[in-house]
Each structure stands twice: as C-alpha cells, then as structure tokens.
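Notes follow once the structure below has been shown.
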Amino acid sequence: MTAEELLRLPRGQFRYELINGALKTMSPSSHTHGRISALITALLWQFVRANGLGDVYGAETGFLLTTNPDTVLAPDVAFVTEERAREFRHTKG
C-alpha cells in the first residue's frame with residue numbers, strides 16, 4: 001500500500017499506520033495513555049512556542065517517513081524544527 005492509498009481510506013472506527021507498505025490497524029489508547037500524551041503535548045508546545053523552535057503536532061497527524069515502500073506513522077506527539085516546519089508550511093499549504 002502507498003501513502004496516497006492510506007489517505008483515501010475511510011475515516012472512522014480505526015486508526016492506521018503504514019509500515020514498509022503494510023497497513024497496520026492501531027488500537028485505541030487507554031485513558032492513562034491519553035492523559036499522559038496530552039500533558040506531554042501541552043508542555044512541549046509551551047516550551048517550543050516560548051523559544052520559537054518550530055511546531056508541535058498532536059496524535060493522529062501522519063508523517064511520511066520513507067517511500068518505496070512507504071512508511072507513515074502517527075506518533076502521540078511530534079516536534080518539527082522551525083526550519084523544517086517553514087519548509088512544510090510552504091510546500092504543503
């Protein structure tokens with residue numbers, strides 16, 4: 001499967017990641033996991049914004065890491081440096 005095919009999957013009950021072209025169904029996180037993830041995201045976002053370091057993305061944001069075969073992961077929280085974030089904002093809208 002490709003990253004484009006992954007994007008065309010219907011949204012709904014399941015979350016997916018793509019590992020070397022293989023579709024993986026992700027199970028829902030526990031309440032504890034969700035609370036910890038939210039706390040880490042909030043603290044990281046505050047630090048990154050206060051210091052102009054880049055962007056912070058929450059869960060469900062897919063990142064294309066490799067191609068041919070494609071790997072798309074959706075981490076609980078992600079940091080992208082300002083340089084990379086500017087590049088992404090410019091090319092991806």
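The values are calculated or read from the model by the stated rules, or taken from the named source; none is laboratory data. Just so it is clear, the structure is predicted and the values come from calculations on it, not from any experiment. Heavy atoms of the whole protein, side chains included, go into the accessibility calculation; ligands, DNA and RNA do not. Shrake-Rupley method; radii C 1.70, N 1.55, O 1.52, S 1.80 Å.
Ignoring ligands, DNA and RNA, what percent of the accessible area of the chain is carbon or sulfur (1.4 Å)? After summing per-atom areas, the C and S share lands at 58 percent. Over segment 11-77, the Kirkwood radius and the radius of gyration, each from Cα atoms, give a ratio Rg/Rh of 1.04. Where only DSSP H runs of four or more residues are counted, the chain gives -12500 deg cm²/dmol as its mean residue ellipticity at 222 nm, each run worth -39500 (n - 2.57). For Ile36, the accessible area of its heavy atoms, probed at 1.4 Å with every protein chain present, is near 90 square angstrom. Rolling a 1.4 angstrom probe over the protein heavy atoms with all chains in place gives the chain an accessible area of 75 Å² per residue.
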